[in-house]
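What follows is a set of notes on a single structure, which appears directly below.
The values are calculated or read from the model by the stated rules, or taken from the named source; none is laboratory data. None of these values were measured; they are calculated from a predicted model. All Cβ positions, even for glycine, are placed from backbone atoms using ideal geometry, and neighbour counts span all protein chains on display. We work out accessible area using only protein heavy atoms, side chains counted, and drop any ligands, DNA or RNA first. Shrake-Rupley method; radii C 1.70, N 1.55, O 1.52, S 1.80 Å.
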Amino acid sequence: MKIVIIGATGLIGQQLVDSLNDSGHLVTIVSRNNNKAAKIFPSHSGFASWNGRNPNALVGLVNGSDAVINLAGENIAGGRWTKSRKQLILDSRIRSVKAVTEAINQAENKPKVLVQASAIGYYGTHPEVTFTEDSGSGNGFLSEVTQHWENALRGLSSEIRLIIIRTGVVLSEKGGALKKMQTPFKLGIGGTVGSGRQWLSWIHLEDEVRAITYLINKEGASGIYNLTAPQPVTMKEFAKTLATILQRWSWFKVPSFAVRMLFGQMGHETILRGQRVMPARLLAEGFVFRFSNLQDALKDIYRKN
Ligand SMILES: NC(=O)c1ccc[n+]([C@@H]2O[C@H](COP(=O)([O-])OP(=O)(O)OC[C@H]3O[C@@H](n4cnc5c(N)ncnc54)[C@H](OP(=O)(O)O)[C@@H]3O)[C@@H](O)[C@H]2O)c1
C-alpha cells in the first residue's frame, strides 16, 4: 500500500513507519521539518515537507495513496498549560485535521482510509466509571481538545473509510509518559503520585502499532476505536509494578498539591486524574493484544524475563 503519515516523527509514528516499511509498504513521511525527519529515518527515502496547515499543498501527496494516517499535534505533556500552550495544542490539531479533510476531498484519486489520532481524554476523568466507545464526552481541557479535534473531521467525503483512534497512555522506553515516570524510580525515589486510586489506561507501543495496522487492513472497520490494553490499572498498581520490574523501591508518595504546584492544570488532568477505558470494539472484533497485562508489557519494555 501507499501510505502517507503526517506527524510520523513522533513516538507512535516512528515505530509505525518502521513496522510498515518492514511489511513492504510504500510510506511517505510528511513533516514540518524534513532535516529532522531524515535524521530520524536515515535509511528512508519518501519524505515530504508540509507546514501543517495548507490543504492545497497536501492534495498532491494524498492523491493516489491507499491510506492516510494523521498523528500530528503539539505535544500535550510538553509543558505547563499556559494560555498560549493550550491554544497551540488545540490549533495544531484542528488546523491539520481541517487541512487533511480538505485535501482528501479535493483529491481526484482519494485514499480508501483515513486514520485520525485522538485520545481517551475525550471521556473526561472518573474514579469509578468504565468508558467504552459508546460513552459520551466528559469535561476538562483534554476532553474539549479531543472533541474539537474529532469534530474538525466533519465534512470529510463519505467515500473515505474514517477511523478515529482514541489512544490511551502509550508505554515505551523511547519516549512519552513512561520515559518521564521512570526517572524517579531509577533514582530509587519512585512511588505513588496523588491518591494512587486514579486509573491509568495504558497501551504498549507495539500493540498501538499493531492495532493501527489491523484497522487499516480490516475492510469493514470504521468509526471510533479505543486503543488501550484490556487491563487498565490504578496509579498505585502502576507504581508497584514498575518498581518491581526495575527492582527499585516504591516507598515515596508525591502529594497532589506538589503535582499541582509543579505542573498546574496539566498535572491535575494527566497525572492526578485518570479514566478506566476498555477497548470494547477491538476485543469484540477478536483483535488479540500482545500485552494485555501491565507486568508483561513492562517486562518486555525493559527486556526482563
Ligand atoms: N503518546 C501517547 O501516549 C498518546 C496518547 C493519546 C493520544 N496521542 C496522540 O497521538 C498522536 C501521536 O502521538 P505521539 O506520542 O507520537 O506524538 P508526538 O511524539 O508528540 O509527535 C507528534 C508529531 O506531531 C507533529 N507536531 C508537533 N507539534 C506540532 C505542531 N505544533 N503543529 C503541527 N504538527 C506538530 C510532529 O511532527 P513534525 O515535527 O515532523 O511535523 C510530531 O512528531 C498525537 O496527536 C497525540 O496527541 C498520543
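Odds and ends about this structure:
- Hits in the range 153-168 (condition: among the small types (Gly, Ala, Ser) and surrounded by fewer than 20 Cβ atoms within 10 Å (Cβ to Cβ)): Gly155, Ser157, Ser158
- Residue in the range 128-138 that is aliphatic (A, V, I, L, M), in contact with a Ser or Thr (Cβ under 6 Å, 6 or more places away or on another chain) and either within 14 Å of the ligand (Cβ to nearest atom) or open to solvent by 20 Å² or more (accessible area, probe 1.4 Å) (or both) present: no
- Considering residues of the range 181-222 that are within 15 Å of the ligand (Cβ to nearest atom) and aromatic (Phe, Trp, Tyr) only, the residue farthest from Thr270 (Cα to Cα): Trp202
- Residues located in the range 73-83, provided they are open to solvent by 50 Å² or more (accessible area, probe 1.4 Å), part of a loop (DSSP other than H, G, I, E, B) and away from the ligand (no atom under 12 Å from the Cβ): Arg80, Thr82
- Criterion: within 19 Å of Glu128 (Cβ to Cβ) and open to solvent by 20 Å² or more (accessible area, probe 1.4 Å) - qualifying residue of Lys253, Lys236: Lys236
Residue by residue, here is whether (1) open to solvent by less than 50 Å² (accessible area, probe 1.4 Å); (2) at pLDDT 95 or above holds:
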site: Ile12; (1), (2): yes, yes
site: Ser19; (1), (2): yes, yes
site: Ser23; (1), (2): no, yes
site: Lys36; (1), (2): no, yes
site: Lys39; (1), (2): no, yes
site: Ser45; (1), (2): no, no
site: Val68; (1), (2): yes, yes
site: Leu71; (1), (2): yes, yes
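- Figure legend. Inter-residue proximity from the range 37-55: first residues closer than 14 Å to Gly13 by Cα and part of a loop (DSSP other than H, G, I, E, B), second residues near the ligand (Cβ under 8 Å from one of its atoms) and open to solvent by 60 Å² or more (accessible area, probe 1.4 Å), beta-carbon distance below 9 Å, spacing 6+ or different chains. Indicated pairs: Phe41/Gln14.
- Taking the conditions (1) within 21 Å of Gly121 (Cα to Cα); (2) β-branched (Val, Ile, Thr); (3) modelled with pLDDT of 95 or more in turn, Thr241 satisfies each one other than (1).
- Where strands (runs of 3 or more DSSP E) sit wholly within the range 166-283, those with at least 2 residues that are farther than 30 Å from Ala67 by Cβ occupy 191-193, 252-254.
- Hey, Val30 within 19 Å of the chain's Cα centre (by Cα), crowded, with 20+ Cβ neighbours inside 10 Å and either farther than 22 Å from Thr146 by Cα or within 11 Å of the ligand (Cβ to nearest atom) (or both) or not: yes
- Residue match in the range 110-122 (condition: more than 9 Å from the ligand (Cβ to nearest atom), open to solvent by less than 20 Å² (accessible area, probe 1.4 Å), farther than 26 Å from Gly220 by Cα and outside any helix (DSSP H, G or I)): no
- Among the residues listed as Leu162, Leu156, the single one being more than 16 Å from the chain's Cα centre (by Cα) and assigned to a strand (DSSP E or B): Leu162
- Residue in the range 84-101 that is buried (at least 16 other Cβ atoms within 10 Å of the Cβ) and part of a loop (DSSP other than H, G, I, E, B) present: no
- Set side by side, the residues Arg281, Arg260, Arg273 differ, and just one is open to solvent by 10 Å² or more (accessible area, probe 1.4 Å) and farther than 18 Å from Phe131 by Cα, which is Arg260.
- Applying the set (1) farther than 28 Å from Ser137 by Cα; (2) more than 18 Å from the chain's Cα centre (by Cα) to Ile301 leaves exactly one unmet item: (2).
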